[in-house]
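Only one structure is covered here, and it is reproduced in the block below.
No value in this document is a laboratory result; all are computed from the given coordinates. On a predicted model such as this, the values are computed, not experimentally measured, just so you know. Reconstructed Cβ throughout: ideal geometry from the backbone, glycine too, with neighbour counts over all protein chains shown.
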Amino acid sequence: MGNRSPVDAPEAVRIIGIGASAGGLVALEEFLHRIPPDRGIACVVVQHLDPTQKGLLPELLQRVTAMPVRAAEQGMRIEPGHVYVIPPNTELTVVGTTLHLGAPAEPRGMRLPVNILFSSLAGGQGERAIGVVLSGMGSDGTAGLEAIKAVGGLTAVQDPESAQFDSMPRSAINAGCADIVATPSELPERILAVVREASAVSGEALPSAISTPLERIVAALQQRIRHDFSLYKPSTLQRRTERRMAIHGIASLEEYAAFLEHNAQEAELLFKELLIGVTSFFRDPAAWEYLADTVLPELLERQKGAEKLRAWVIGCSTGEEAYSLAMVFTEVMERSQPPPAVTLQIFASDLSPDGIATARRGRYPLAIADDVSPERLARFFTAHEHHYQVIPGIRDMVLFSQHDVILDPPFTKLDLIACRNLLIYFGPVLQRKLLPLFHYSLRPGGVLFLGTSETVGQFNHLFTPIESRLRFYQRQDHTYMGGRDFLLHAFPPLSGPSKERPVSPSEVSSQPTDALQTEADQVLLQVYAPAAVVLNADGDIVYVSGHTGKYLEPAAGKANWNIFAMAREGLGGPLAGALKKAAKADRPVHLHSLEVPTHAGVQRVDVTVHAFHDASPLRGMTMIVFRDLAPSTAGRGGRRNKGKGAMPAAHAAELQQYRAEIEALREEARTAREESQAATEELQSANEELQSSNEELNSSKEEMQSMNEELQTINAELQAKLDDLALAQSDMQNVLNSIDIAILFLDQNLDVRRYTDQAARVFRLRESDVGRPLSDLTTSLEYPELHDDARDTLRTLAVSEKQITTDDGRWFTVRIMPYRRVDNVIDGVVITMVDITETKRLEAGLRD
């Protein structure tokens, strides 16, 4: 979840950020050609440009749009109906409604200017931000679109099938951050339609009547998705719902509620919209530095003697914060001298199945290099062609699980809880429920890590600030966690969240005061009743009562709530047999004096397995109850068993032999383990060298790819200039032929450069004569001094004009003048020949 609080831009201008790369010129021209200049829209264009070349993009784009196209300048104010283009070798950001230019922070080949522009739009424009990704290579723009989508903005991507280079569009689509996918010519109308609908929706007067359609929307989501949003902040619900309304062109909440009730696919899309997670590696670096320098070392000091620390990352989204915690802990352990023999088990949970699936893969785009230092990338990731992969050592520290923190039982006996930027989207009722729950889940001295916009609020009696500015709080021990909402309403009943209507705040406050006995009974059951779990028909745990940590423990790897995966040593086998017996029997099955190894020694436990066969809500389920035997009972039982099973003296020698053999096997295993460890270290060293070489090659490849994109952009611009030049040449040729004047162009050596059709008849020219000297040409003019006069004009720059006759009786005015280029350089001569035969005949007639 995000914690941005964007400042809305003035209503007069709506800014569209456009990112393109190789092959993007044609797409840009099609897009801008269809943006009307009178809709209050401003476009900011970013392309991958060669930093050493002058950009031609503004001139090229001006040909296709009626909006003024300007190269961006520092501090330039963004006006509606204008297009602004990034200059070469700069980074362009939008602050409010002004443009800011900066020097690139990364070397050439590693720059991501589209991400930088989009991120600034997301931070400054909020839900008014619009990002468009067009043709290009690489993945630039994907992270920026994710930031825009996270704050409720609009994202649009060119259809990859219509793109000359489809890498950038496909990367954005695969990341799931494209609201609109269409061709460049279709995108403007789709975007403008959403803008119109969003303006109409936001302009509605929605007083208290908004609650009725919102309740219908929440009810429809709960029915289809099995998750209750009724206690989320209304502003969050309204903003995300209005976004979906704008995309579908629906003007009122009532219409959208009706649409949602009959459209299961839209319910899934709205659910994902409400769960958009804004996360990144090491977000808020100062907080992570404090965690590494102060919080974790103090936790390790307080938990001396413990073999494992436990942490819970709530709302982990795609897993970046969970992996960040694992990396920081690894670095802290490496800095400790000597390093303590402590491991960290991280439970990471989120409601989104897509987010959990991404987190489990541990695969992230190359853009994470903006957030992760090169040292950490080399240490904790494996670089691939299009992504980074988390190394197995870090991946194995984290267990990901789809989990609803509102409805599902929490993880317990934790040393650290990280719940960052999730509570800000919950209403006060949910916050009052979750903060005491976090206190309950933490061990004495445990730490709560919140987001920058969150505090513990009224629960300062439960948590003491460690560093309030960075939102670190320590659990206060010996604190009474009473209150009407904590244990009584912390978890749903066994029938599950899908069958139980959530309790509204008004209903909680209206409960009669004489319910004290019921609440006390619930507290007694939770605190003093024996530990128990309820299983479904598949052996999965669906309910936990009391403290079961001595008997059950999550297995490493993918989260698994099956009883056989979680049962500690000594319980798995007996429980399997007891469950089979209980499934067939009408009475509970009892297991006596089972030995369970714990940190404090061996604990003897009595277990009762009770299968429910009647018509109660528990039908088909099984309850397992654990009861610890008192130490005295365990001791007497131990002596009694020892007396019964005393080993005869005759077997002592045989036992000693077995022990010696076991010791020898242990020694062999130790030797083999050491050899295996040495081989592993050698392989790891070789792997690190290969990884270093791979990173160098990958860096070189990225630089080459970036330069290739820049060359593609330059090639497209030059091709456009060539097309313009060819058109201008055709225009000039038609002009020369249409004026019916013989013109001959000569270069500085008086060789033929160009001629008109009329000149070809005077000098008898063919195409093969281009480049021949003037003196070699055959002409019908009786003008033997032509070559000398042309040479004099080239030398003196004086214009020569004479009336010359031809061998067939025609008269021409022959004019020789210098050929002057646009840069004021003399580069030959131009000979024009105007036919004046009729004029001469008229003159002769008048004389006669």
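Computed from the alpha carbon atoms alone, the convex hull of the range 25-102 holds 80 Å³ per residue.
The gain in end-to-end length when the Thr412 to Gln337 segment is fully stretched comes to 24.0 nm, 0.36 nm per residue minus the alpha carbon separation.
Across the range 24-45, the residues whose backbone nitrogen lies under 15 Å from the label position 7 Å along the beta-carbon direction of Glu79 are 37-43. In this label model, Glu663 and Thr839 are separated by 12.9 nm, measuring between points 7 Å along each Cα→Cβ vector. The modelled label-to-label distance for the pair Asp792/Asp757, using points 7 Å beyond Cα in the direction of Cβ, is 3.5 nm.
Note on His248 and Val64: with the Förster distance fixed at 45 Å, the Cβ-Cβ geometry gives a FRET efficiency of about 0.90. Centre-to-centre, using Cα atoms only, the range 401-440 and the range 276-317 are separated by 16 Å.
Write down the percent of antiparallel bridges among all DSSP beta bridges whose residues are both part of the range 285-487, to the nearest 5.
Of all bridge pairs located within the range 285-487, approximately 40 percent are antiparallel.
Of the three principal axes defined by the Cα atoms of the range 250-321, the extents in descending order read 60, 26, 17 Å. Peptides 365-378, 174-187 ordered by packing proxy, namely the average of other Cβ atoms within 10 Å per residue, highest first: 174-187, 365-378. Legend: ranking of residues Ser139, Ser352, Ser676 from fewest to most surrounding C-beta atoms inside 10 Å; resulting order Ser676, Ser352, Ser139.
Computed on the range 285-487, the Cα convex hull volume stands at 122 Å³ per residue. I want to make sure I understand the PRE zone here: with the label point 7 angstrom from the Cα of Ser185 toward its beta carbon, which residues in the range 724-745 have backbone N atoms less than 15 Å away? Nothing falls inside the zone, counting backbone N under 15 Å. Among Thr98, Thr155, the ranking by other beta carbons within 10 Å of each residue's beta carbon, starting with the fewest, stands as Thr98, Thr155. As a rough guide to protection, the peptides 603-612, 733-742 ranked by mean Cβ packing within 10 Å, highest first, stand as 603-612, 733-742. Translational diffusion coefficient of the range 736-847 at 4 °C, 1.567 mPa s, Stokes-Einstein with Kirkwood Rh over Cα pairs, in µm²/s as a whole number. The diffusion coefficient I find is 89 µm²/s.
Taking the range 812-831 and a reference point 7 angstrom along Cα→Cβ of Gln733, the backbone N atoms nearer than 20 Å belong to 831.
Report the local net charge at His613: Lys and Arg +1, Asp and Glu -1, summed over other residues whose C-beta lies under 12 Å from its C-beta. Before the final figure, lay out each step's value.
Working: positive: Lys584, Arg587, Arg619; negative: Asp586, Asp614.
Around His613, the charge tally is +1.
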